[in-house]
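Taking it in order: structure first as C-alpha cells, then the write-up.
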Amino acid sequence: MMKIQLEQIGKKFNTEWIFRNVSFSFEENSTTAILGRNGSGKSTLLQVIAGNLHATSGKVTYSLGGQNIAGEEIFRHLTMVAPYLELIEDFTLKEMLEFHFSFKRYLPAHDILSVTGLLEFPAMKHKQIRQFSSGMKQRVKLVMAILSDVPIILLDEPTMNLDKTGIDWYLELVRKFAGNRTIIICSNLHQTESAFASKSLQIEDFK
C-alpha cells in the first residue's frame, strides 16, 4: 500500500503564500479529509500531492510497500476526481470508459459491463458525454477513479453537482469499493462527503 509524506510543504503564487510548513503523513489504508473554506488552498495542496504542481518549499515523498516512488512516476499509482479535470465530451460513455481503462486497470472482478452497471444509467452507454447532465458526468468521474486498481484515490469536492440520491450513491461506492487504499478528500462539506475520513488536515492552520 501507498504512504505519502509531506515535509514542510509550502506553495507560493507570485508573492503570496497559499500555505506553508505543511507536515503530514498520509498512511497506508487511511482516509484523510483536507478541510477549509473555498479558496483556502485545498485544491492546490491536492495538486502538489498528485505531482501536478511543484511545491515552492519542502518535500513530498512516496513509498509503496516500503519502496520509494519517484515523484514523476506517481501518476501511475493514483486516480483523481476534480472540478477542473474534464471528461472528453465527444466520447460516448463506452468510449470514455474504454479510454480511461486503457491507462488504468479495473479493480479485480470488474470490467466495462460491471462499471457501466454501477452508473445506473445503462441507456446512456452509446450517448456522447456532452449529452449528460452535470450530475451524470460527476458519477462517471467517480466510478472511473474508484474502480481503478491503484493505491491512491484523490477526490476534490466529490459530491459537486450530485443531488441527495447521487450523494448516497457516492458514499455507497466508496464503502463498497475503496478498499485498503490511501484516500484523500478535499472538502468544505465535511459532514456530507468526507465524514467517513479517519483523519483530517485543516489547511487554514498553515497560512
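The values are calculated or read from the model by the stated rules, or taken from the named source; none is laboratory data. Given the structure is predicted, the values throughout are model-derived calculations rather than measurements. For neighbour counting, all protein chains shown are included, and Cβ atoms are generated from backbone atoms with ideal geometry for every residue, glycine included.
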Could you run through segment 108-129 and say how many residues are in contact with a helix residue (DSSP H, G or I) (Cβ under 8 Å, 6 or more places away or on another chain), surrounded by 14 or more Cβ atoms within 10 Å (Cβ to Cβ) and not in a helix (DSSP H, G or I)?
3
Check Phe26, Phe103 and return the single one that is within 26 Å of Thr159 (Cβ to Cβ), within 17 Å of the chain's Cα centre (by Cα) and surrounded by 15 or more Cβ atoms within 10 Å (Cβ to Cβ).
Phe26
Is it the case that Ile9 is among the β-branched types (Val, Ile, Thr), within 16 Å of the chain's Cα centre (by Cα), at pLDDT 95 or above and not in a helix (DSSP H, G or I)?
no
Out of Ile34, Ile18, which single residue is free of Cβ contacts under 8 Å to residues at least 40 places away in the same chain, surrounded by 13 or more Cβ atoms within 10 Å (Cβ to Cβ), in contact with a Ser or Thr (Cβ under 8 Å, 6 or more places away or on another chain) and of a type in the set (Val, Ile, Thr)?
Ile18
Filtering segment 135-164 down to residues that are in a strand (DSSP E or B) and not hydroxyl-bearing (Ser, Thr, Tyr) yields Ile152, Ile153, Leu154, Leu155, Asp156
Residues of segment 167-189 that turn out to be loosely packed, with under 15 Cβ neighbours inside 10 Å, in a helix (DSSP H, G or I) and either in contact with a Lys or Arg (Cβ under 9 Å, 6 or more places away or on another chain) or not charged (D, E, K, R) (or both), as a count
0
